[in-house]
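Take a look at the structure below.
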Amino acid sequence: MLNEDALKQVMATMLNVDVADIGPDASMDTIANWDSLRHMNLVLALEEEFKVQIPDEDAGNITSYQLIKLVLQDLLKAQG
Amino acid sequence: MSDAVVNPVTDPQAAALAVLAKSDSTMMQLTQAIATLEKDEQARTVKIGVSSSATVDLLGTYLRKHGLLAGARIEIVAGNYDDPIGDVALFQRAGVEQMVLLPFFDNVQPSFEAQLGTLSPEAVDAREAELRLRYRLAFEQARAMHTIYLGTFHRMGSAADAGGQDAVALVLARFNAALREEAAAFSNIRIIDAEDIVRAVGQVAAFDTRFYFRSKAPYTGVYMNELARRIAAASRGFGAHFYKVLALDCDNTLWGGVIGEDLMAGIKLGPYDYPGNIFWRMQHEFAALERQGILLCLCTKNNPADVDEVLREHPDMVLRDAQIVVKKINWEDKPSNLRAIARELNVGLDSIVFLDDSSFECEAVRQQLPMVKTIQVPAALPDYPRVVRELKELFLAGGIAADSRAKTEQYRQRAGAEQLKAQFESQDEYLASLELKVALSRNARASVARISELSQKSNQFNLTTRRYSVAEVEQMMDSADHAIYSLVVSDKFGPAGLTGVAVMRYDDGVAHVENFLMSCRVIGRGVETGVWPRIVADAVARACTELRAEFVPSAKNAQVADFYDRLGLPLLAETPEGVRRYAIHAADFAAPATTWIEMTYVE
């Protein structure tokens, strides 16, 4: 199961925003700090914190809270 | 590394530092710890510009990490993509003093490594010529920069040819030679060997191709961490330390066993047999450090006669008496002996690295003298070479000036002079017997590097602690309203090298002493006052009628607080911070007599 609080904490830390700013509709469009460079660090941090390997085709595209949640849930499920 | 238990609630700073010091902290933990520490005041702030032909923003995180570990807040100014010349201008506008320049081989042209299989020799030649020109221009524009850390080129993949020497390897070697050659003309460039970083962290761990093709970001955090660590080492902890002295324990540090019990025949030391071969090898490393200007001392609890006998008689000793500048062989505690070493050599405790096998001794020094860098010989002896490699880096990563070599000989002469001193009736008689000669030079261009180095290193005899980069020294020598005096001292024991610098600024009939500093190994002989009549006469020749000078206190320069009083200058004012300002009419200036010095003047 994905710990959504932990996810929000990782996103807030790596995007350098308050954890309260990471709502369900948070995305690259709503968070000014979320640029392509911070995105790269975010992907690396997500991989480290959730111990998954995010596939190349997803890495560049998971630019919203919902998309990240979806991809992480799939990856964690696949791990069992 | 000590595993002291830190309570993150009561001491968030210590907890954050512990996260930074750990090798396996995640990027998120690092980011949080950096944010915590950067909220606090740090001892120093260093602004670093990063210029590359790859996307290397991750380096900023790791530079900040290694900066904080050395007590410095690092402010990163990011350059544009593949624009070294433009970046230099950008950095200068932003007040950057140090820059990291990282040309990336595979981006010399798109997918350059793959292209090299088909590129014509003429095209490669043309590319090399273009690179040389572009980087030479960037280096020239960056002359005023305090330091440029220049990463060399490296490849991303291995050669398919098992022999290794494929087209990529050949061109890579050529381009790196070209970069090094262009850089060699600039004294503010420090080369960082990127190929060695790839080797050290491993090719697989160094690169993440996912973000390379998408965003030109080839490196992993592992690579960036090692790169930042090496930059921190090359900058001596971003100005935190300047180690000059290695204080060595003897038993189980220089040889295996205890000389007082195992005796000459029983201690383990020699080229062939384990574990003596490890100690023998380490002695060669220490001897090589001594050759490069590091001062070796013994700080050991033994009977002096036992250790002296080993130094003199043991057939496989590499280190002999001549390489040791101070010996503290006694039964006193090590902190006291380290203090005595610092006093005798006239260096700060924070320039000493102490090596000992005993946990007890190491802990005692760490607690009582935290400014001394204490390193413990590992219990597992095969790890000893790795520990000594790290120790060598403390001394050598920042580079060594040619004049720093053979320091031991100079310090020994000083120690010899101290002994002679006792035999003379009066101080003047003693000074006269030294046959002191001082050569004073104005704007000695050949000595620019040494002048800058001395200004960076001297702490105790340093009137304002203003420090000057090579570029600043050159600029002042070129400018009409500055002059830099340097002095070379020698006596009957030999030359002491360039050991004093005065920086003068002339402004509207007033000669200002911007700074005056000397190496501590020549003070107390009247040289420090003896050079002033000539400097003041020069100022008068430039139509100056007044001499002004100031003492700015620092943590270490109390010994010269009254220097200008001793020189005979009237004190004008003293600020609450302890800055003392002096002024005198040039016509009234009369330095204390120093008849025992033979002064020469070199224009």
- Task: Please work out whether segment B:245-400 counts as rounded, prolate or oblate from its C-alpha gyration tensor, where a ≥ b ≥ c are the square roots of the eigenvalues and a/c under 1.5 means rounded, while otherwise a/b larger than b/c means prolate and anything else oblate?
- Result: rounded
- What spacing in nm lies between the two simple spin-label points modelled at B:R445 and B:E598, each 7 Å away from Cα in the Cβ direction? 2.9
- Using r as the Cβ-Cβ distance of B:K437 and A:D21, and R0 as 51 Å, what FRET efficiency do you calculate, to the nearest 0.05? 0.10
- Message: Please report the projected area of segment B:421-602's Cα convex hull averaged over all directions, in nm².
- Response: 10.6
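Give me A:S36, B:S455 ranked fewest to most by other Cβ atoms within 10 Å of their Cβ, as a rough exposure proxy. Don't jump to the answer; show the numbers that get you there.
Working: A:S36 15, B:S455 22.
In increasing order of surrounding Cβ atoms, one gets A:S36, B:S455.
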- Net charge (Lys, Arg +1; Asp, Glu -1) of residues whose beta-carbon lies under 13 Å from that of B:V602, B:V602 excluded, is +2
- Can you give the calculated 222 nm mean residue ellipticity of chain B, where each DSSP H run of n ≥ 4 adds -39,500 (n - 2.57) and the sum is split over every residue, rounded to the nearest 500 deg cm²/dmol? -12000 deg cm²/dmol
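Using a 10 Å cut-off around each Cβ, can you sort B:W280, B:W255, B:W331 from fewest to most neighbouring Cβ atoms? Mind dumping the intermediate values first?
On the way: B:W280 21, B:W255 25, B:W331 9.
Ordered from fewest to most neighbouring Cβ atoms within 10 Å, B:W280, B:W255, B:W331 come out as B:W331, B:W280, B:W255.
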- log₁₀ of I(q)/I(0) at q = 0.27 Å⁻¹ - segment B:229-294, Debye sum with one point per alpha carbon: -1.09
- Query: In percent, what relative contact order does segment B:421-602 have, based on Cα pairs under 8 Å that are 6 or more apart in sequence?
  - Reply: 26
- Query: Does anything in segment B:344-363 have its amide N under 17 Å from the 7 Å Cα→Cβ label point of B:W331, and if so which residues?
  - Reply: none
- Query: Under the classification rounded if a/c is under 1.5, otherwise prolate if a/b is larger than b/c and oblate if not, where does chain B fall, given a ≥ b ≥ c as square roots of the Cα gyration tensor eigenvalues?
  - Reply: oblate
- Per the charge dipole of chain B (beta-carbon charges, Lys/Arg positive, Asp/Glu negative, Cα centre), the residue among B:Y274, B:N515, B:T595 reaching farthest to the positive end is B:N515
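Find out how many positive minus negative residues lie around B:A364, taking Lys and Arg as positive, Asp and Glu as negative, among other residues whose Cβ is under 14 Å from that of B:A364. Working shown, then result.
Numbers: positive: B:K301, B:K334, B:R339, B:R366; negative: B:D249, B:E332, B:D333, B:D356, B:D357, B:E361, B:E363.
Once positives and negatives cancel, what remains is -3.
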- Task: Return the distance in nm (one decimal) between the two label points of a simple spin-label model at B:A14 and B:R291, each offset 7 Å from Cα along Cα→Cβ.
- Result: 4.4
- Express as a percent, rounded to the nearest 5, the fraction of DSSP beta bridges in segment B:245-400 (both residues included) that run antiparallel. 5
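How big is D, in µm² s⁻¹, for the protein assembly as shown by Stokes-Einstein at 37 °C and 0.692 mPa s if Rh is the Kirkwood radius over C-alpha pairs? List each step's numbers first, then the result.
Values: Rh = 28.7 Å.
Here the translational diffusion coefficient equals 114 µm²/s.
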- Message: Give the lysines whose C-alpha is closer than 22 Å to that of A:K69, dropping any in the same chain fewer than 8 places away, or say none.
- Response: A:K8, A:K51, A:K77
- Can you pull the one-decimal nm distance between simple spin-label points at B:E140 and B:A159, each 7 Å off the Cα toward Cβ? 3.6
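If the limit is 27 Å between Cα atoms, which of B:K373/B:K556; B:K373/B:K492; B:K65/B:K373 go over it? Don't skip to the answer; put the middle values down first.
Working: B:K373/B:K556 18 Å; B:K373/B:K492 36 Å; B:K65/B:K373 20 Å.
Exceeds cut-off: B:K373/B:K492.
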- Treat every Asp and Glu Cβ in the protein assembly as shown as -1 and every Lys and Arg Cβ as +1, leave all other atoms uncharged, and give the resulting dipole magnitude about the Cα centre to the nearest 20 debye. 1040
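Want the number for B:R542 to B:V579: 0.36 nm per residue separation, take away the alpha-carbon distance, what's left?
Values: separation 37, 0.36 × 37 = 13.32 nm, distance 2.75 nm.
Roughly 10.6 nm would be gained on extension.
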- Message: Restricting to Cα pairs below 8 Å that are 6+ residues apart, what does the relative contact order work out to for chain B? Please round to a whole percent.
- Response: 9
- Per-residue Cβ neighbour rank within 10 angstrom, fewest leading, B:R93, B:R143: B:R93, B:R143
- Task: Let me have the relative contact order for segment B:41-239, percent, based on Cα pairs under 8 Å that are six or more residues apart.
- Result: 25
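Here, each number is a calculation from the coordinates, and none is a lab measurement. Given the structure is predicted, the values throughout are model-derived calculations rather than measurements. Backbone-built Cβ (ideal geometry, glycine too); neighbour counts: all protein chains shown.
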